[in-house]
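Chemist: Structure in structure tokens, see below.
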Amino acid sequence: MNEQLNQQEAIEAAVFRRLLTHLDNHKEVQNIELMILADFCRNCLAKWMVTEAESRNVELNYEQAREKVYGMPYAEWKEKFQTEATQEQMDAFNARRKAKQGR
């Protein structure tokens, strides 16, 4: 049973690394687009990483986690790859948030 759990965790960790690689290979996909379509973004992944680290008494701050997710310091990624959100994106994002609040 323990071996199965270790295998499952190894698979899940590999999938997470693959997700990060996929996001890294698609820097043109902006966080706002991820938030509109999937209700999470790269920053969410970093926050989840910090939460899981804290639950295991592992020291990991938000900036360290973002560097793991982005593959570089966030400020550098933002400068190189982040674009200004369009009005259409902001409208879609705000509509999604409003719809979530109404649930």
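Chemist: Could you tell me which of the residues E52, E88, E33 is exposed (fewer than 15 other Cβ atoms within 10 Å of the Cβ), over 20 Å from V15 (Cβ atoms) and at pLDDT 95 or above?
Modeler: Going through E52, E88, E33 in turn, just one is exposed (fewer than 15 other Cβ atoms within 10 Å of the Cβ), over 20 Å from V15 (Cβ atoms) and at pLDDT 95 or above: E88.
Chemist: With the requirement that a residue be assigned to a helix (DSSP H, G or I) and in contact with a helix residue (DSSP H, G or I) (Cβ under 9 Å, 6 or more places away or on another chain), what does region 1-36 give you?
Modeler: Taking region 1-36 and keeping what is assigned to a helix (DSSP H, G or I), we get 2-25, 31-36.
F16, L19, L20, L23, D24, N31, I32, E33, L34, M35, I36, listed by residue number.
Chemist: For region 37-49, enumerate the residues that are assigned to a helix (DSSP H, G or I) and surrounded by 13 or more Cβ atoms within 10 Å (Cβ to Cβ).
Modeler: If the condition is that a residue be assigned to a helix (DSSP H, G or I) and surrounded by 13 or more Cβ atoms within 10 Å (Cβ to Cβ), then R42, N43, C44, L45, A46, K47, W48, M49 are the ones that fit.
Chemist: OK, next. Among the residues of region 62-91, what is the count of those that are over 23 Å from L19 (Cβ atoms) and in contact (Cβ under 8 Å) with a residue 12 or more places away in the chain? Step through it out loud before you land on a result.
Modeler: Within region 62-91, the first condition is being over 23 Å from L19 (Cβ atoms), and the residues that meet it are 79, 84, 86-88, 90-91.
Now restrict to residues that are in contact (Cβ under 8 Å) with a residue 12 or more places away in the chain: 90.
Residues in region 62-91 being over 23 Å from L19 (Cβ atoms) and in contact (Cβ under 8 Å) with a residue 12 or more places away in the chain: 1 in total.
The values are calculated or read from the model by the stated rules, or taken from the named source; none is laboratory data. The shown structure was predicted, so the numbers you read here are calculated from the model rather than taken from an experiment. Cβ coordinates were reconstructed from backbone atoms using ideal geometry, including for glycine residues, and neighbour counts include every protein chain displayed.
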